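Since the structure comes first, as structure tokens, the remarks are kept for the end.
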Amino acid sequence: MQPKLLMLSAFLCCIPFARGVLRGDKHQAKLQPKSFTIMKKVIDLENSPILFEDDFSKDNFHENWSIKTGEWHVKDGWCYGKYRENAPGMIVSLHAFPGNVLVEFDAQNVLPSNHDINVMWNGTWDDALNKRGIAYVAGLQGWWEGKVGIEKSPEYKLNAGTPLFDYKPGRVYHIVAGSIDGHCFIFVDGKLLLEVTDPDPIDHIKNNKIGFEAYCSSIRITNVKVRQIKWGPRDMRYEPNF
């Protein structure tokens, strides 16, 4: 399927969530839930319109992505990235995705590398400084201590992390990360691993790029989808059980 931008219109709200088998040596894609829940919100994944998708099967990488740092190439339907510095080795989208969005993709470390698979959204790249600008970032097995984490660049005053995920180097993971007006989340294989609310949400109209990052790591990604998030409120309360 050729990577493409889809015009956002009302009828797109009925686009079904694609499921299927990954090509070549890719793993069997797990069936994803039709919706995800986070604190006080329900994300309607099945009806969240797909704005962009890329399975890296076509010779058009440079129509969709800009290599900012690190070494990146495409082979057999995977996008490979590696960077030896203690800094983000990044590709950044050439297309803009404003608003509340999530990024869905499959990824794994390229062994013997065993850490840091990271994704950016609501982001920018500062060409003058040659570094990431304002952005949300989420990832697996990072933050120097093997944590699932979420952070906000470039000041990094918003950070959240947990070491409780049992990460398996070399395994392919299905990752979904994004935010709703600063309420950030990351799901892995359908399970919520971390959420955090930014008291000063990023301007997601002005800061609208996505990207992928290898931080002193070697990774590969495929089956990228960017979705405009459809969501609704979720009533949460206790009933006394005593």
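The values are calculated or read from the model by the stated rules, or taken from the named source; none is laboratory data. Please read all numbers here as calculations on a predicted model, not as lab measurements. Reconstructed Cβ throughout: ideal geometry from the backbone, glycine too, with neighbour counts over all protein chains shown. Accessible surface is based on the protein model in full, side chains and every heavy atom, while ligands, DNA and RNA are left aside. Shrake-Rupley method; radii C 1.70, N 1.55, O 1.52, S 1.80 Å.
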>> So, in region 38-52, how many residues would count as being in contact (Cβ under 8 Å) with a residue 60 or more places away in the chain and either out of contact with any strand residue (DSSP E or B) (no Cβ under 7 Å at 6 or more places or on another chain) or part of a loop (DSSP other than H, G, I, E, B) (or both)?
In response: 7
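Could you identify the single residue in Tyr173, Tyr136 that is open to solvent by less than 20 Å² (accessible area, probe 1.4 Å), in contact with a strand residue (DSSP E or B) (Cβ under 7 Å, 6 or more places away or on another chain), of a type in the set (Ser, Thr, Tyr) and farther than 22 Å from Lys41 by Cβ? Break it down into steps so the answer makes sense when it comes.
On the way: Tyr136 fails: farther than 22 Å from Lys41 by Cβ.
Of the residues listed, the single one that is open to solvent by less than 20 Å² (accessible area, probe 1.4 Å), in contact with a strand residue (DSSP E or B) (Cβ under 7 Å, 6 or more places away or on another chain), of a type in the set (Ser, Thr, Tyr) and farther than 22 Å from Lys41 by Cβ is Tyr173.
Are any of the residues in region 3-16 at pLDDT 70 or above and surrounded by 15 or more Cβ atoms within 10 Å (Cβ to Cβ)? Walk me through how you get there before you give the answer.
Looking only at region 3-16, we keep the residues that are at pLDDT 70 or above, and these are none.
Among the residues of region 3-16, not one is at pLDDT 70 or above and surrounded by 15 or more Cβ atoms within 10 Å (Cβ to Cβ), which makes the answer no.
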>> Here's a check for you: in region 195-242, which residue that is aromatic (Phe, Trp, Tyr) and open to solvent by 90 Å² or more (accessible area, probe 1.4 Å) is farthest from His73 (Cα to Cα)?
In response: Phe242
>> Just to be sure I understand the filter: pairs with C-beta atoms under 9 Å, separated by 6 or more residues or on different chains, first member in region 144-172 and within 18 Å of Leu192 (Cβ to Cβ) and among the acidic types (Asp, Glu), second member modelled with pLDDT of 95 or more and outside any strand (DSSP E or B). Which pairs pass?
In response: Glu151/Trp143; Glu151/Leu158
